[in-house]
Amino acid sequence: MKSPLTSHLETERLEYRAGIRQVTYSDTLTALKLYINGRRFVPLGGNWGFSEHNLSYRGREYDIAVDYHRQMNFTMIRNWVGQTGDDEFYEACDRNGIMVWQDFWLANPSDGPDPDDELMFMRNATDYLKRIRRHPCIALYCGRNEGYPPATLNEQLRQLVGDSHPDMVYIPSSADDGVGGHGPYNALPIKEYFRRPMAKLHTERGMPNVMNYESLCRTLRPEHLWPQNNFWGQHDFTMKGAQRGETFNELVKNMFGWPDDAKTFTQWAQWVNYEGYRAMFESNNLTRSGLIIWMSHPAFPSMVWQTYDYFFDPTAAFFACKKACEPLHVQWNALTDSVELVNTRGGTHRKLRVGMEIYDMNGQLLKQQQKKVRTHEDSTLRCMKVKQPKWLTDVWFLRLVAKDEQGNTLSENTYVRSADDQSWQALLSLPKAHIATTIQWEKESCRAILRNDSPYPALMLRLNLKSEDGEQILPVSYSENYFHLMPGEEKTVTIRWNISDTRGSQPMLNLSGMNVEM
């Protein structure tokens, strides 16, 4: 028998899953590049502040939000100013393969003062770093947002990372030296994004992202829905300031005119959401330097800087990001009017066919062109110029596709075009399109097979999973949403959900679109 003096009393036990990976870096002072397990890593993702304004997130919510990032083909979350500290956040990133840019707690010099007590700051930093360093998701540490820490604190943080997490890099500023930042944060015409490609990993660039009508009704009282007012402003949609809602409104107005009600505005706003977020990431594909948007995750009901809303409803921006960030991606360069094939992490392909199709506004095929190409990882290949037919309607469609040698589609992308690439009002005159729908239901998933049986394009199709009482089922995973079908085309969409979120009712699938028969 052991004596009381030699017996061991267990005071604490920690169990966790471990991951193994190697992170290396180059050009940390000029144009930072990351490599994971020897392969070039392109950071694509968004900034987080608070996870939730009441700090109510636990494992389930982090799993949902981080999985949404994985679905968007994102690879990184920036923990902005270190405001999210829950273990469940890092564990969710570990499981989903999302790397974390980890800030310390210093807002930019104009927003946040320097710490009064550097000793206390460093004690907290030491404890925090030692707690999170076991997570394989950690990619780097950053001293301050858009500025440098005080010199003495900067040196202590550099030494702390070097001593306690020596395989990680420490950079002092999120927007200087080897990385860039400082916006812009307002919506721009598509061509403007390509005029401003980022030469370095860019940590803050964004635009408003108006929520869907269902979430707007959850956020505002009926009498506050329309016209836009101070209650919209309380949920971040202000005319001035960094987000410049007036610019977003101008894009909506140029596209389709000014709507009469909130429901129409939110529907038209999804076009601006899709076009803008796709262009932000596609313009970054020119250099593949990496882009962390401001922001990807909302901490409360907001109409700006998010890809899904506070209620976990994915907006059109969600699917635009998913499209633009796919590992092998075919895209249109709005500045050079050319077709490009981008390979960020899609492996080597010796024989691919990149195709271009041009349809008039009525969905009639006017032109086809193909080119055989080869692509290697970490490359952007210009494939062909877009040569428009002589006779075009006011609005037309550009369809791009990349296929392997067996004919399997690896990437598909559709653009709406017009003379100035801003006014699409002619689309409002299209006849209604009929969509034949077949749904194959399972317990927590279904396959929706959609076929456009009409002689006209069916535009901005949105599938919306609901319960028998008409309420949305959230969170939900759609393999694709907010897409167009040309005449005779068919698409299969897979939808997944958690049965506990159905409130005991049989799910229903609602289909809507700009010119779809309901």
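The values are calculated or read from the model by the stated rules, or taken from the named source; none is laboratory data. From a predicted model like this one, the values you see are computed outputs, not experimental measurements. Quick reminder, even Gly has a Cβ in these numbers, built from the backbone with ideal geometry, and neighbours come from all protein chains shown. Remember, those area values only see protein heavy atoms, side chains included, never the ligands or the DNA or RNA. Shrake-Rupley method; radii C 1.70, N 1.55, O 1.52, S 1.80 Å.
Summary table below
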| item | result |
| --- | --- |
| Region 127-160 - residue that is among the small types (Gly, Ala, Ser) and assigned to a strand (DSSP E or B) and, of those, nearest to ILE292 (Cα to Cα) | ALA139 |
| Leading residue by the ranking (nearest to the chain's Cα centre (by Cα)) among those in region 476-518 that are among the polar types (S, T, N, Q) and outside any loop (DSSP other than H, G, I, E, B) | SER477 |
| Criterion violated by LEU381 - all others in (1) open to solvent by 20 Å² or more (accessible area, probe 1.4 Å); (2) at pLDDT 95 or above; (3) more than 28 Å from the chain's Cα centre (by Cα) satisfied | (3) |
| Per-region count, region 318-341, residues touching a residue at least 60 places away in the same chain (Cβ under 8 Å) and part of a strand (DSSP E or B) | 8 |
| Residue among ILE449, ILE473, ILE439, ILE435 that is of a type in the set (Val, Ile, Thr), at pLDDT 95 or above and under 25 Å from the mean Cα position of the chain (by Cα) | ILE473 |
| Subset of region 279-323 [small (Gly, Ala, Ser), under 23 Å from ASN249 (Cβ atoms) and in contact with an Asp or Glu (Cβ under 8 Å, 6 or more places away or on another chain)] | SER302, ALA320 |
| Of the criteria (1) free of Cβ contacts under 8 Å to residues at least 40 places away in the same chain; (2) loosely packed, with under 15 Cβ neighbours inside 10 Å; (3) farther than 17 Å from LEU511 by Cβ, which one GLN440 fails | (3) |
| Condition check for ASP163: assigned to a loop (DSSP other than H, G, I, E, B) and either open to solvent by 40 Å² or more (accessible area, probe 1.4 Å) or over 21 Å from HIS135 (Cβ atoms) (or both) | no |
| Residues within region 111-133 that are within 31 Å of the chain's Cα centre (by Cα), surrounded by fewer than 18 Cβ atoms within 10 Å (Cβ to Cβ) and modelled with pLDDT of 95 or more, tallied | 4 |
| Answer from SER296, SER283 - the residue that is in a loop (DSSP other than H, G, I, E, B), hydroxyl-bearing (Ser, Thr, Tyr), open to solvent by less than 20 Å² (accessible area, probe 1.4 Å) and in contact (Cβ under 8 Å) with a residue 60 or more places away in the chain | SER296 |
| Hits in region 393-416 - residues which are part of a loop (DSSP other than H, G, I, E, B) and open to solvent by less than 60 Å² (accessible area, probe 1.4 Å) | THR393, GLY407 |
